[in-house]
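Peer 1: Below: one structure in structure tokens.
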Amino acid sequence: MSHEIETHGTQAAAVFARKDAWHRLGTTVRDRAFTAEEAMRLGHLGGWDVRKLPLTTAEVSEGGVTAIEVPGFATVRTNPFTGEPEALGVVGGGYTPLQNEDHAEFLNLLADESGAIFDTAGSLRGGRQVFITMQLPDSLTVGGTDRVDLNIAALNSHDGSSAFRILVTPVRVVCANTQSAALRNHESSFSIRHTRNAKAAVQAARDALGLTFAYVDAFQVEAERLIQQTMTDAAFDALIDATFGKAEASATKRVRETERRRRSRLHWLFADADTQAGIRDTAWAGYQAVAEYADHYAPVRTTKKHGGDEQTARATRVLTSDDPDRIKRRAWTALAPA
């Protein structure tokens with residue numbers, strides 16, 4: 001199934017307060033953050049009334065039509081563009097829908113503790129998934145020069161595919177790369193199951209965010225270690241091999257050419273790109289070159305949904321796909337001390 005920002009005609013169910021790599025999608029609110037209420041209105045997220053309905057099927061025979069009850073329930077919403085009911089997924093009897101308004105209210109309560117402000121909001125996969133992010137008031141400064149902002153992202157599903165998740169995501173300002181580090185013994189996320197007690201889990205989430213801030217502290221410690229470590233071209237080649245693998249001697253000409261182009265672009269990012277100014281020739285720059293490649297240069301497939309535009313396709317992947325995350329985690333792990 002395609003993972004796309006939800007659209008209806010020329011309208012997109014997304015709103016952004018800033019313009020980072022993925023902010024080509026949806027409505028941009030320039031020069032200011034927005035409230036939870038504005039997130040619902042501008043992101044077309046309000047009034048969905050997600051509910052559970054019994055499942056039935058029918059058997060047609062010579063004697064007529066026989067209705068048959070089916071185990072489980074369908075989650076249904078009111079489409080924000082058409083006003084029509086729309087099925088989203090199949091869930092069990094214990095599943096309790098968490099409304100988008102509850103989602104935003106939950107983050108409002110967290111904001112009272114953290115001082116975060118709303119930054120992005122939108123829906124994906126025809127309303128099956130919803131995201132809201134908030135920017136934390138404090139930034140990290142690695143090596144005294146390289147600024148990394150911090151965001152709380154809240155991700156919810158209405159089709160039973162995942163729990164309500166809250167995670168902390170560092171974003172390097174100079175090139176808007178999301179950072180995903182495989183830190184040992186530090187968690188950066190908290191999940192809440194769709195049950196009757198979901199709304200009461202705010203305090204548990206606050207407690208968990210205390211742990212994620214410990215994750216942020218650990219992230220900064222590791223980043224400082226990397227920026228103090230010199231990286232040669234040969235060491236960067238080893239990082240590329242550890243992250244992306246190396247083509248076998250028997251690989252096809254196409255595979256070898258793809259590898260050559262990727263390696264060439266990565267070396268340019270490491271040695272010559274302006275985004276590495278101030279951190280060049282360090283292991284931190286090596287990691288950032290890989291992260292920038294994953295977010296901004298890795299090949300993508302364009303479709304009609306993207307208007308044939310490569311940058312829009314890449315923005316969609318950065319926001320919705322696990323692939324950039326996996327690449328960055330492999331690079332971070334390769335750089336971790338033994």
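The values are calculated or read from the model by the stated rules, or taken from the named source; none is laboratory data. Keep in mind that what you see is a predicted model, and the values were worked out from it rather than measured. All Cβ positions, glycine included, derive from the backbone under ideal geometry; neighbour counts span all protein chains shown. Calculation scope for accessible area: heavy atoms of the full protein, side chains included, ligands and nucleic acids excluded. Shrake-Rupley method; radii C 1.70, N 1.55, O 1.52, S 1.80 Å.
Peer 1: For segment 290-310, give me each residue that is more than 17 Å from the chain's Cα centre (by Cα), modelled with pLDDT of 70 or more and assigned to a helix (DSSP H, G or I).
Peer 2: Val290, Glu310
Peer 1: Identify the single condition in (1) over 30 Å from Leu109 (Cα atoms); (2) part of a loop (DSSP other than H, G, I, E, B); (3) at pLDDT below 95 that Ala182 does not satisfy, given that it satisfies every other one.
Peer 2: Just one mismatch for Ala182, condition (1).
Peer 1: Follow-up. Does Phe190 count as open to solvent by 40 Å² or more (accessible area, probe 1.4 Å), assigned by the TED database to the domain that holds Thr141 and not in a helix (DSSP H, G or I)? Give the derivation first.
Peer 2: Working: open to solvent by 40 Å² or more (accessible area, probe 1.4 Å): yes; assigned by the TED database to the domain that holds Thr141: yes; not in a helix (DSSP H, G or I): yes.
The answer is yes for Phe190.
Peer 1: Sort out which residues of segment 245-260 are open to solvent by less than 50 Å² (accessible area, probe 1.4 Å) and in a helix (DSSP H, G or I), and write them in order of number. If you could, list the steps in order and put the result at the bottom.
Peer 2: Of the residues in segment 245-260, the ones open to solvent by less than 50 Å² (accessible area, probe 1.4 Å) are 245, 247, 251, 259.
Glu259 - this is the single residue of segment 245-260 that is open to solvent by less than 50 Å² (accessible area, probe 1.4 Å) and in a helix (DSSP H, G or I).
Peer 1: Among the numbered criteria (1) out of contact with any Lys or Arg (no Cβ under 6 Å at 6 or more places or on another chain); (2) touching a residue at least 40 places away in the same chain (Cβ under 8 Å); (3) closer than 26 Å to His296 by Cβ; (4) surrounded by 14 or more Cβ atoms within 10 Å (Cβ to Cβ), which one does Ser180 miss?
Peer 2: (1)
Peer 1: If a residue must be touching a residue at least 40 places away in the same chain (Cβ under 8 Å) and surrounded by fewer than 16 Cβ atoms within 10 Å (Cβ to Cβ), how many such residues does segment 261-280 contain? Give the steps one after another, and end with the answer.
Peer 2: If we filter segment 261-280 for residues that are touching a residue at least 40 places away in the same chain (Cβ under 8 Å), which is where we start, we get 275, 278-279.
Then drop every residue that is not surrounded by fewer than 16 Cβ atoms within 10 Å (Cβ to Cβ), which leaves 278.
Of the residues in that region, 1 qualify.
Each row is one residue, and each column tells you yes or no for (1) among the β-branched types (Val, Ile, Thr); (2) at pLDDT 90 or above.
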{"position": "Ala12", "(1), (2)": "no, no"}
{"position": "Trp22", "(1), (2)": "no, no"}
{"position": "Thr35", "(1), (2)": "yes, no"}
{"position": "Met40", "(1), (2)": "no, no"}
{"position": "Gly43", "(1), (2)": "no, no"}
{"position": "Val50", "(1), (2)": "yes, yes"}
{"position": "Leu53", "(1), (2)": "no, yes"}
{"position": "Gly83", "(1), (2)": "no, yes"}
{"position": "Ala87", "(1), (2)": "no, yes"}
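Peer 1: Among the candidates Phe164, Phe213, single out the residue that is in contact (Cβ under 8 Å) with a residue 40 or more places away in the chain, surrounded by fewer than 19 Cβ atoms within 10 Å (Cβ to Cβ) and not assigned by the TED database to the domain that holds Arg314.
Peer 2: Values: Phe164 fails: surrounded by fewer than 19 Cβ atoms within 10 Å (Cβ to Cβ).
Phe213 is the lone residue from the list that is in contact (Cβ under 8 Å) with a residue 40 or more places away in the chain, surrounded by fewer than 19 Cβ atoms within 10 Å (Cβ to Cβ) and not assigned by the TED database to the domain that holds Arg314.
Table: residues versus (1) crowded, with 20+ Cβ neighbours inside 10 Å; (2) farther than 24 Å from Leu155 by Cα.
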site	(1), (2)
Ala58	no, yes
Val76	no, no
Pro80	yes, no
Gly94	no, no
Ala116	yes, no
Ser123	yes, no
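Peer 1: If I go through segment 193-210 residue by residue, how many of them are part of a loop (DSSP other than H, G, I, E, B) and surrounded by fewer than 18 Cβ atoms within 10 Å (Cβ to Cβ)?
Peer 2: As a first pass, look at segment 193-210 and keep what is part of a loop (DSSP other than H, G, I, E, B): 193-197.
Cutting the leftovers down to surrounded by fewer than 18 Cβ atoms within 10 Å (Cβ to Cβ) gives us 193, 195-197.
Result for segment 193-210: 4.
Peer 1: Additional query: Go through segment 223-256 and give me each residue that's under 28 Å from Leu140 (Cβ atoms) and among the hydrophobic types (A, V, I, L, M, F, W, C).
Peer 2: Residues satisfying the conditions are Ala223, Leu226, Ile227, Met231, Ala235, Phe236, Ala238, Leu239, Ile240, Ala242, Phe244.
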